[in-house]
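One structure is given below, encoded as structure tokens.
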Amino acid sequence: MSERSGDRRPDQNRPVTIETGIAPYAEGSCIIATGSTRVLCTASVVEGVPRWREASGAGWVTAEYAMLPRATHTRTRRERTGPKGRTQEIQRLIGRSLRSVTDMKLLGPNTLTIDCDVLQADGGTRTASITGACVALALAGDWMVDEGLVDRNPLRERVAAVSVGIVDGEVFLDLDYPEDSGAQVDMNVVGTESGGLVEVQGTAEGDPFPRSDLDALMDLAMSGLEMLFAAQARALQGG
């Protein structure tokens with residue numbers, strides 16, 4: 001069996017903490033830490049929707065993602081001319097994940113923008129961003145209720161995401177950067193608290209892998225999501 005950081009078992013998530021209210025000017029905010037990966041997630045409520053959305057009578061949820069220059073071991077240049085391909089892919093994934101669990105009609109003619117800024121990266125930044133963004137969105141929904149903008153929180157249920165992979169022939173949950181960079185199979189799974197799947201991104205980095213490995217990866221991911229939903233619940237209950 002390969003040794004893991006923190007002496008984790010193959011089926012064990014990294015420690016997760018979610019601290020809410022970290023950005024007092026935002027309608028909802030948190031910092032999520034999964035192991036050494038740390039992401040600041042803020043939710044902003046803005047009146048109005050994109051022009052193409054106006055006739056629908058429904059709201060909109062969108063996301064932006066960025067990695068701070070020293071989130072990694074060496075400095076990364078800021079994307080001053082706009083988000084690059086990887087950044088665009090991740091922020092679209094975050095937006096899709098949140099929209100899948102948000103009641104757009106209830107949201108009304110309002111836009112919720114979620115900003116996910118990676119403070120420190122050690123693998124799993126996109127999955128941590130989705131998990132934290134959902135908490136920020138839930139808090140912003142509570143704010144909208146308090147302000148009389150909506151009758152109830154537009155978040156129908158929580159969504160979270162986790163990585164799984166095959167490293168040195170073993171199936172691992174919640175990969176850190178060394179595991180992710182050396183994985184033979186890398187997969188991100190986005191799921192809902194009720195057990196639904198939003199998105200599954202899986203890739204063989206070398207040889208193809210059998211269906212039996214896919215089933216094992218999915219089973220492990222679903223168990224990892226349960227722990228993340230519990231962490232979200234604690235954060236939203238003030239625990």
Query raised in the report: Given R₀ = 25 Å, FRET efficiency for residue 105-residue 233 by Cβ-Cβ distance, to 0.05?
Result: 0.45
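Using r as the Cβ-Cβ distance of residue 80 and residue 223, and R0 as 30 Å, what FRET efficiency do you calculate, to the nearest 0.05? Mind dumping the intermediate values first?
Numbers: r = 41 Å, r/R0 = 1.37.
The formula returns an efficiency of 0.15 here.
Please report the relative contact order for the range 5-236, taking Cα pairs under 8 Å with a sequence separation of at least 6, and give it as a percent rounded to a whole number.
Working: 513 pairs, mean separation 51.4, N = 232.
Over the range 5-236, the number comes to 22 percent.
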Query raised in the report: What angle, in degrees between 0 and 90 and rounded to the nearest 10, separates the Cα long axis of helix 125-146 from the longest principal axis of the Cα atoms of the chain?
Result: 20 degrees
**Report entry** Residue-count net charge about residue 196 - beta-carbon cut-off 12 Å; Lys, Arg +1, Asp, Glu -1
**Finding:** -1
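Give me 52, 60 ranked fewest to most by other Cβ atoms within 10 Å of their Cβ, as a rough exposure proxy. Each step should come with its number before you reach the end.
Numbers: 52 8, 60 21.
Going from sparsest to densest Cβ surroundings: 52, 60.
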**Report entry** Length released on extending from residue 19 to residue 197, taking residue separation times 0.36 nm less the Cα-Cα span
**Finding:** 61.5 nm
Query - Ordering of 86-99, 198-211 by burial proxy (mean other Cβ atoms within 10 Å per residue, highest first) - result: 86-99, 198-211
Query raised in the report: Dipole of the range 54-124, Cα-centred, from +1 at each Lys and Arg C-beta and -1 at each Asp and Glu C-beta, to the nearest 20 debye?
Result: 340 debye
Query raised in the report: In whole Å, how far is the Cα centre of the range 150-201 from that of the range 90-130?
Result: 14 Å
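Taken together, the values in this text are just the output of simple stated rules run on the coordinates, not laboratory data. All values reported here derive from a predicted model rather than from experimental measurement. Cβ: placed from backbone, ideal geometry, glycine included. Neighbour counts: every protein chain shown.
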